[in-house]
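K.L.:
One structure is given below, represented as structure tokens, and several questions about it will come after.
The values are calculated or read from the model by the stated rules, or taken from the named source; none is laboratory data. As the structure is a computational prediction, the values presented were derived from the model and not from experiment. No Cβ is skipped: glycine too gets one built from the backbone with ideal geometry, and neighbour counts run over all protein chains shown.
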Amino acid sequence: MKLGCCYYPEHWPEEWWAEDARRMREMGLSLVRIGEFAWSRIEPEPGHYDWGWLDRAIDTLHAAGLKVILGTPTATPPKWLVDRMPDMVAIDEKGRPRGFGSRRHYCFSHEGYRTECRRIVTALAERYGRNRAIAMWQTDNEYGCHDTVLSFSAAAASAFRGWLAARYDTVDALNAAWGNVFWSMEYRSFAEVDPPHLTVTEANPAHWLDYRRFASDQVASFNREQVDIIRRLSPGVDITHNFMGFFTEFDHHAVGRDIDVATWDSYPLGFLEQFWFSSEEKRAYLRQGHPDIAAFHHDLYRGCSNGRCGVMEQQPGPVNWARFNPAPLPGMVALWTLEACAHGAELTSYFRWRQAPFAQEQMHAGLLRPDSSEAEAADEVRQAAAVLGGIGPQACATAPVALVFSYEAAWVIGIQPQGQSFRYLELVFETYSALRARGLDVDIVPPEADLTGYRMVLVPTLPIVPEGFAERLAALECPVLLGPRSGSKTASFAIPDCLAPGALRSLTGVTVTRVESLRDGVAESAEGFAVTRWREDLVGDFAPELVDDAGRAVVSYKDGVRYCAAWPDRALLAVLVERMAGEAGVALLDCPEGIRVRRTQAHIFTFNYAAKGVFVPHLGRTLSPAAWDIAPRPAPV
Ligand code: GAL
């Protein structure tokens, strides 16, 4: 795994560049990402390119022995461009334009803006496409950041109508699919259909789902336009996009198919603070991040791009954007780096080289302070580089467990939560965490993935079951777990004729006759676990494997396939993991709180995410906070 950093030559005097590059090399870095926000310097006046500074920056970095990851600058259209086409900005759900003065102020559907993007990407790729300094291209920056996937502009409305016409052919088909007879919502033509915002009460969930699918397709096609240009002008050079954490607003599997390496931006402390974790977890992992946050995303994004993944932005210190921004525990930056390597990352690049003393991110740490002195992480980067050099290249091992992840499932649950604590990402993450707590390596895969060869398959929920999925599960010989709400919707967001779990009925033997959601704090007891948040009533031809104290089935079992009819709490997940692994003959480890392991083909990595020393039974010793152990992996018997 290579190390790198995110660098903004346009932020610093040119006289500093060579010394910066020298210090990057000295720190153990070999990659440097530049350019992704530099449109106003690349094209200061419409049609007048200023390549001189970028040529010199690339040459200087390359001369020092660094390879460049060059970003296309389309996340930051300059002022003159917005003034020339004011309707290119995205419109938010409340109908307000997203103004100039930060970034990502564009609408994915605006044809004029797309033309401008093709022009600037072509110019950039013509200039640097065959430059030997360029190791990789990054398209745009963090699609969707700052809530920018959905736009409700005139351009988006018009593109949506075209998308609907292509999907449904006739407006009658659309009316029937959505159930528009309800509340007299029928349309006479596609031209009458608007985006689903600004309605008096909720819009039709089928309308929302199609809007989300459409918006996701717009992101993918926007990205593909850039990819096509770069492939033509820079043949053989890898293309990436930097995805975000805990973000499901577009289908990353679709974008991942068009690029070579799925990278992501890893801010474990910011994510812990901003997402659903309990106050106890936020306290316990304040300076380390929850032990599964980074691992989850490595495994998810590895599954988005044919096994090739990396970290484009690694938090090196306090960030500026969470509600509270603590500093990492000494050692964590090195630990996060090695965790990435253990999950198959090809690169880890720190954000950013030097903290900026000006503008929006002046409170965001870098590897250097604004005065160019070394910040705390610098030595940890050297340390990580030395460890990586010592263990040599790591090949990813196939995991025994597949966890099925679906962006469409996230949209369905988000559109119709039915109980406010039913959160798709949390359900998947908790399932992942239960597996990781028993030392299992996990591949997070799309529903279309080939599942043969896995020894356990878990589907936390999949409301819309893709064509052929049930048959593929039926053909597996390994234990399978399907979570609540699986098969509960048709592709057009209706309840299946035969009731849930629809296409999974014969596989599971169950029919769901009623669902209910439970307010926070309600816990109905069962032996060894509790039912919280969500539960379903089941009838059918199955053996109830686990029941609650009132005798209602919580988990059904039929021929190796389990259906879980409730939100699974941690205790229930632990039981299910143990039973499935037992049936599959997969060995488990007991990872004490804060301890995680991960295997590559040649090594087993053990990490301590706890803020205190922890005795690790499989090592027979105590690991200090933020410490790791890397041991050769015993050869299979
Ligand atoms: C990312 C973004 C970077 C920078 C960073 C700060 O979301 O891609 O440009 O803003 O966050 O943590």
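K.L.:
Would you tally the residues in the stretch 216-263 being part of a helix (DSSP H, G or I) and in contact with a His (Cβ under 7 Å, 6 or more places away or on another chain)?
P.N.:
So the count comes out to 2.
K.L.:
Looking at Pro291, Pro318, Pro330, which one is in contact (Cβ under 8 Å) with a residue 24 or more places away in the chain and in contact with a strand residue (DSSP E or B) (Cβ under 8 Å, 6 or more places away or on another chain)? Write out each step before concluding.
P.N.:
Numbers: Pro318 fails: in contact with a strand residue (DSSP E or B) (Cβ under 8 Å, 6 or more places away or on another chain); Pro330 fails: in contact with a strand residue (DSSP E or B) (Cβ under 8 Å, 6 or more places away or on another chain).
Exactly one residue qualifies, and that residue is Pro291.
K.L.:
State whether one or more residues within the stretch 145-163 are within 16 Å of the ligand (Cβ to nearest atom) and either touching a Cys at 6+ places or on another chain (Cβ under 8 Å) or among the small types (Gly, Ala, Ser) (or both). Spell out the reasoning first.
P.N.:
Of the stretch 145-163, the ones within 16 Å of the ligand (Cβ to nearest atom) are 145-149.
Subsequent filtering for residues that are either touching a Cys at 6+ places or on another chain (Cβ under 8 Å) or among the small types (Gly, Ala, Ser) (or both) retains none.
No, that holds for no residue.
Conditions tested, residue by residue: (1) touching an Asp or Glu at 6+ places or on another chain (Cβ under 6 Å); (2) among the polar types (S, T, N, Q); (3) farther than 22 Å from Ala340 by Cβ.
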residue	(1), (2), (3)
Pro357	no, no, yes
Gln360	no, yes, yes
Leu367	no, no, no
Ala385	no, no, no
Ile391	no, no, no
Ala399	yes, no, no
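K.L.:
Of these, Leu81, Leu61, Leu66, which one is touching a Leu at 6+ places or on another chain (Cβ under 9 Å) and of a type in the set (A, V, I, L, M, F, W, C)?
P.N.:
Leu66
K.L.:
Go through (1) surrounded by fewer than 22 Cβ atoms within 10 Å (Cβ to Cβ); (2) over 30 Å from Arg308 (Cα atoms); (3) in contact (Cβ under 8 Å) with a residue 40 or more places away in the chain and name the single condition Pro446 misses.
P.N.:
(2)
K.L.:
Here is a follow-up. Within the stretch 92-103, is there a residue that is surrounded by fewer than 21 Cβ atoms within 10 Å (Cβ to Cβ), basic (Lys, Arg) and within 16 Å of the ligand (Cβ to nearest atom)?
P.N.:
Yes, some residue in the stretch 92-103 is surrounded by fewer than 21 Cβ atoms within 10 Å (Cβ to Cβ), basic (Lys, Arg) and within 16 Å of the ligand (Cβ to nearest atom).
K.L.:
Only one of these conditions is not met by Gly390: (1) in a helix (DSSP H, G or I); (2) among the small types (Gly, Ala, Ser); (3) closer than 30 Å to Leu3 by Cβ; (4) in contact (Cβ under 8 Å) with a residue 60 or more places away in the chain. Which number is it?
P.N.:
So the condition that Gly390 fails would be (4).
K.L.:
Okay, moving on. Filter the stretch 402-443 down to the residues that are touching a residue at least 60 places away in the same chain (Cβ under 8 Å), hydrophobic (A, V, I, L, M, F, W, C) and over 27 Å from Arg596 (Cα atoms) and list them by number.
P.N.:
Passing the criteria: Trp411, Val412, Ile413, Ile415.
K.L.:
Kindly provide the set of residues from the stretch 293-316 that are surrounded by fewer than 21 Cβ atoms within 10 Å (Cβ to Cβ) and either acidic (Asp, Glu) or at pLDDT 95 or above (or both), ordered by number.
P.N.:
Here is the first cut: in the stretch 293-316, the residues surrounded by fewer than 21 Cβ atoms within 10 Å (Cβ to Cβ) are 306-308.
Correct list: Gly307, Arg308.
K.L.:
Let me ask something else about it. Are any of the residues in the stretch 254-273 in contact (Cβ under 8 Å) with a residue 12 or more places away in the chain, among the β-branched types (Val, Ile, Thr), out of contact with any helix residue (DSSP H, G or I) (no Cβ under 8 Å at 6 or more places or on another chain) and under 27 Å from Glu448 (Cβ atoms)?
P.N.:
Our first condition is that a residue be in contact (Cβ under 8 Å) with a residue 12 or more places away in the chain; within the stretch 254-273, this holds for 254-273.
Cutting the leftovers down to among the β-branched types (Val, Ile, Thr) gives us 255, 259, 261, 263.
Among the residues that remain, those that are also out of contact with any helix residue (DSSP H, G or I) (no Cβ under 8 Å at 6 or more places or on another chain) are: 261.
The next check asks that each one be under 27 Å from Glu448 (Cβ atoms); those that pass are 261.
Yes: the stretch 254-273 contains one or more residues that are in contact (Cβ under 8 Å) with a residue 12 or more places away in the chain, among the β-branched types (Val, Ile, Thr), out of contact with any helix residue (DSSP H, G or I) (no Cβ under 8 Å at 6 or more places or on another chain) and under 27 Å from Glu448 (Cβ atoms).
K.L.:
Another question, if that's okay. Output the number of residues of the stretch 333-371 satisfying the condition of being more than 15 Å from the ligand (Cβ to nearest atom), surrounded by fewer than 24 Cβ atoms within 10 Å (Cβ to Cβ) and either free of Cβ contacts under 8 Å to residues at least 12 places away in the same chain or in a strand (DSSP E or B) (or both).
P.N.:
Going through the stretch 333-371 one residue at a time, the tally reaches 3.
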